[in-house]
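One structure is given here, and the rest of the page talks about it.
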There are 2 protein chains.
Amino acid sequence: MAATKDPRPCSIADALALVGEKYSLLVLREVCLGNGRFDQLVRNIGAPRDILAARLRRLVDAGILTKRVYSERPQRFEYRATQAGLELEPVLMTLKEWGDRHIRKGADLPMAVEHICGNELVPVVTCRACGEEVRHEDLTARPQAPGWTRTGPTAA
Amino acid sequence: MAATKDPRPCSIADALALVGEKYSLLVLREVCLGNGRFDQLVRNIGAPRDILAARLRRLVDAGILTKRVYSERPQRFEYRATQAGLELEPVLMTLKEWGDRHIRKGADLPMAVEHICGNELVPVVTCRACGEEVRHEDLTARPQAPGWTRTGPTAA
DNA sequence: AGTGGAGAGTTTGATTTTCAAACCTGGCGC
DNA sequence: GCGCCAGGTTTGAAAATCAAACTCTCCACT
């Protein structure tokens, strides 16, 4: 699980180290939908039970999920998203939108999400400062830590 | 790589099946930054060379990257993002922002991105229809395909 | 008092992936 | 001809994943 050499320090890599393992983001999808019981997760995600158990432990340890008792005697549990977990939902929605367009190509979409404004949610990533939609050609990286000044041995 | 039983049909799962393997999104990060050469990718990501080669093949096959010759004799290659690939960049930015806040907690951020408006980019996911920021409590799922009506055996 | 079933996992043993390091294959540069 | 670079492939060992079976606790029924 440790990276080989000295990859770049990067919040994207950090985030993926926490939630980038197989099934983790699907767990979050289900939990955000309110389906936080073990057997629901197994069925809806299609993950092996042992792997799922490992992921749940990790997500709870990372503070993304909490494990709640919803019934003493018989003891039953339910996983819920913490604030940090809920704040990943926009990432999921953006990923869903990308998948809708580029993989399913707009046909036979299996699920839609409705926004409180009454319309179907189509997520758009915008710049907090100016409100414009974020597009690749409008971005410039500004390295701030070593590991970012070297882009590679030969590159400028 | 195939899912066990019959998980939900879902664009999030579809998207993750393509770009959710370890290193794939980091490859996209580097390629979006313009560091698309094999050895740069190895160094900046810290991935084993064979795994990286496998990921690159997959991403090219999926139409997310293209492999370009930037020098005949000696033959040298460079990977670039297609339009579909570039459209994943907002997802990466949103993930970066989450990592900045929840993992690095705002301290010593290794990289910033500047938006064309002149400010540092802080991505916000908004609703295309109303422009409001997307928050969990404003969303309602609307199942459209079988596999979404069953939330689990016991749930409503 | 025994049978069965749900929920929430754990165990087991076989299969896949990952990994690190070594190797290979042109084509220069000298 | 010698070494080096870029862009991979090969190899063998270590780790992760998988499906199925199993455990354990409680409750419901008969």
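The values are calculated or read from the model by the stated rules, or taken from the named source; none is laboratory data. Because the structure is predicted, anything quoted here is derived from the model rather than measured. Please note: Cβ atoms are built from the backbone with ideal geometry, for glycine as well, and neighbour counts cover all protein chains shown. Quick note on the areas: whole protein, heavy atoms, side chains included, nothing else; ligands and nucleic acids left out. Shrake-Rupley method; radii C 1.70, N 1.55, O 1.52, S 1.80 Å.
Some observations on this one:
- Accessible surface of A:Trp98 - all protein chains present, 1.4 Å probe, nearest 10 Å²: 10
- Protein accessible surface hidden between A and B, which excludes ligands and nucleic acids, total in Å², probe 1.4 Å: 8300
- Relative contact order computed over the stretch A:89-140 (Cα-Cα under 8 Å; 6+ residues apart), in percent: 25
- For residues of B:106-116, the mean tally of beta carbons on other chains within 10 Å: 6
- The simple Förster model, with R0 at 22 Å and r as the Cβ-Cβ distance, assigns A:Ala107 and B:Arg142 a FRET efficiency of 0.85.
- Placed amide H near A:Val113: partners under 5 Å, 5+ positions off or other chain: A:Leu121, B:Arg142
- Per residue, in Å², the accessible surface of chain A once ligands and nucleic acids are set aside, probe 1.4 Å: 49
- Distance from the Cα centroid of the stretch A:97-111 to that of the stretch B:123-150 is 14 Å (rounded to whole angstrom).
- Charge dipole (the stretch B:11-138, unit charges on Cβ, about Cα centre) - positive-most of B:Pro74, B:Leu59, B:Asn44: B:Pro74
- Take B:Thr82, move 7 Å from Cα toward the beta carbon, and the resulting point lies 3.9 nm from the same point in each other copy, nearest first.
- Take A:Glu114: with every protein chain present and a 1.4 Å probe, its accessible area is about 50 Å².
- Ellipticity estimate at 222 nm from DSSP helix runs (n ≥ 4, -39,500 (n - 2.57)) divided over the protein assembly as shown, nearest 500: -10500 deg cm²/dmol
- Check: the stretch B:11-138 dipole with +1 on Lys, Arg Cβ and -1 on Asp, Glu Cβ, in debye: 740
- Alpha carbon convex hull of the stretch A:9-87, projected area averaged over orientations, nm²: 5.3
- Relative contact order (%) - criterion: Cα under 8 Å, at least six apart; region: chain B: 18
- Gyration tensor (alpha-carbon) shape descriptor, the stretch A:71-152, a/c threshold 1.5: oblate
- Relative to the longest principal axis of the Cα atoms of chain B, helix B:89-102 runs at roughly 70 degrees.
- Mean Cβ neighbour count within 10 Å, used as a protection proxy, ranking B:64-70, A:15-21, B:137-143 highest first: A:15-21, B:64-70, B:137-143
- Amide H contacts of A:Phe77 (H built 1.01 Å from N, under 5 Å, at least 5 apart or other chain): A:Tyr70
- Across the stretch B:58-64, computed HN-Hα scalar couplings (Karplus, 6.51 cos²θ - 1.76 cosθ + 1.60, θ = phi - 60°) run 4, 5, 5, 4, 7, x, 9 Hz from first to last residue, x flagging Gly and Pro.
- Residues of the stretch A:74-93 buried by at least 30 Å² on assembly (accessible area, 1.4 Å probe, chain alone as reference): A:Ala84, A:Leu86, A:Glu87, A:Leu88, A:Glu89, A:Pro90, A:Val91
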